[in-house]
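Everything on this sheet refers to the single structure shown next.
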Amino acid sequence: MTRKEAIILLKNGEEGISSWNEWRENNPKAPMPNLKGANLHGANLRGANLNHVILEGADLRFAILKSGRLKGAHLERARLRGVNFSDASLRGAQFDGARIVGANFEGARLRGCSFAGSVLTRANFRKANLVGVDFSNAQLQKVDFRDTTLTNANLEDAMLHGARLDNSDLSNVSLNGAAMIEANVSNSNLAGVTFDRSTRFRGIKVATCFGNAIFVRFAQDQDYIESLIRRVRDDKLRLDHELMDLRRKIAAMPRGPHEDPFPLFFMNCRFFAFRVPAQLRSWMDKTWMRLWALTDYGRSLWRVASFAVVVALIFGAVYKFGDMLDAKGNPDWWFTSFYYSVVTYTTLGFGDVTPCTKLGQVLVTLEVILGYVTLGLLISILANKVARRS
């Protein structure tokens, strides 16, 4: 069968589909027509046997493939907007790079399929079998995965903004680098789910899922952190907008020798009175967030401990080469300054060596303050790691 004949049959409704299926049944070893780039827009392909057919780049927008057979079919880069794949058999089909916006896969059997890099916005996968499916780098915004089986699926670097994953089996799913912003995984099985620091969780609904308490805890912590970062950024944007609005009002005010200067003076005073404290507050918020990020938002014991060691060594070197200490009978050798720095840092200033210069006193005071802060951080992180259970 030629490519042209195959396309004519597939676009000829039930009669054409019946003839196509009959030809496939009677010629199991015949070479398949290459339907790459074929125009099947809106075609009714219900029940068609398209197993292992090459449909790369084909136009299947709004086609009906309900209960279709597409095992091992090649649909890479195909246009599949609004296609009805409900109850279809699609095991091992390849959809890499395809545009599948608003498609319906409800009840479909998709074990082992690949959707890598595909656009699946608002697609419906309810009650579908998605075991081992590859959704890496796919755009899955607002996709409905409710009541699905996603065991061993690959969702690495996928965009899952607003996706519905509730009441689903997500066991052993890989979520490394995925963006699960405002996704819903309520009442889902998360046993064996893998994720990393780059996985995003702002607004995620995860409180009632089960099977992976570590995932739930991390997701909730990350949700708080990302929400706080978003608030700081939004406050900065709002401040910039308000300052720009004030500038426009000042620029639009009348000027001239016969104009009353007081309104312009008042607006300028208002601008600077608002600008200085607002920008200072914004700078303090951003600085705090950056410093907090250095400790992995209060979660990294090793970062804080490493910071403490580096600070103690720096102060020890300054004391040594600045000749700022009175050893009071202690051994006068190269390690004395580092010994004093460590004692000062860890015992908050109580040591048997004292500073003998004004600069030394200032530096000791600064080191004691840093010691207080670091000790508080270490205690809070240790308490969180050792005592927390949920």
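Computed from the coordinates by the stated procedures, all read-outs in this text should not be read as laboratory data. In this text the structure is predicted, and so the values were computed from the model without any measurement. No Cβ is skipped: glycine too gets one built from the backbone with ideal geometry, and neighbour counts run over all protein chains shown.
If the only charges are +1 at each Lys and Arg Cβ and -1 at each Asp and Glu Cβ, what is the size of the charge dipole of the stretch 301-387 around the Cα centre, to the nearest 20 debye?
Value, rounded to 20: 300 debye.
What order, most packed first, do the peptides 35-41, 357-363 have when packing is the mean number of other Cβ atoms within 10 Å of each residue?
35-41, 357-363
Mind pulling the per residue volume of the convex hull built on the Cα atoms of the chain? Å³ is fine.
Dividing the Cα hull volume of the chain by its residue count gives 245 Å³.
Can you tell me the alpha carbon radius of gyration of the stretch 301-387 divided by the globular rule-of-thumb value 2.2 N^0.38 Å?
Normalised by 2.2 N^0.38 Å, the Cα Rg of the stretch 301-387 equals 1.14.
From the residues 140, 98, 341, which one has its Cα farthest along the dipole of the chain in the positive direction, the dipole being from +1 and -1 charges on Cβ of Lys/Arg and Asp/Glu about the Cα centre?
It is 98, whose Cα lies furthest towards the positive end.
What distance in nm separates the two pseudo spin-label positions at residue 365 and residue 283, each 7 Å out from Cα along the beta-carbon direction?
2.3 nm
About the Cα centre of the stretch 51-162, how large is the charge dipole given +1 on each Lys and Arg Cβ and -1 on each Asp and Glu Cβ? Please answer in debye to the nearest 20.
Using only the charged Cβ atoms, the result is roughly 400 debye.
Highest GNM mean-square fluctuation, the chain, Cα pairs closer than 10 Å: which of 297, 224, 372?
In this elastic network of the chain, the residue with the biggest mean-square fluctuation among 297, 224, 372 is 372.
With n ≥ 4 as the cut-off for DSSP H runs, can you work out [θ] at 222 nm for the chain, using -39500 (n - 2.57) per run divided by the number of residues, rounded to the nearest 500?
-14500 deg cm²/dmol
Taking the highest mean first, how do the peptides 111-118, 214-221, 167-174 order by number of other beta carbon atoms within 10 angstrom per residue?
So the order, starting with the most tightly packed, is 111-118, 167-174, 214-221.
Take the Cβ-Cβ distance between residue 346 and residue 384 as r, set R0 to 25 Å, and report the resulting FRET efficiency rounded to the nearest 0.05.
0.75
Let me see the pair-distance distribution of the stretch 176-220: every alpha carbon pair, 10 Å bin width, integer percents in order.
31, 65, 5
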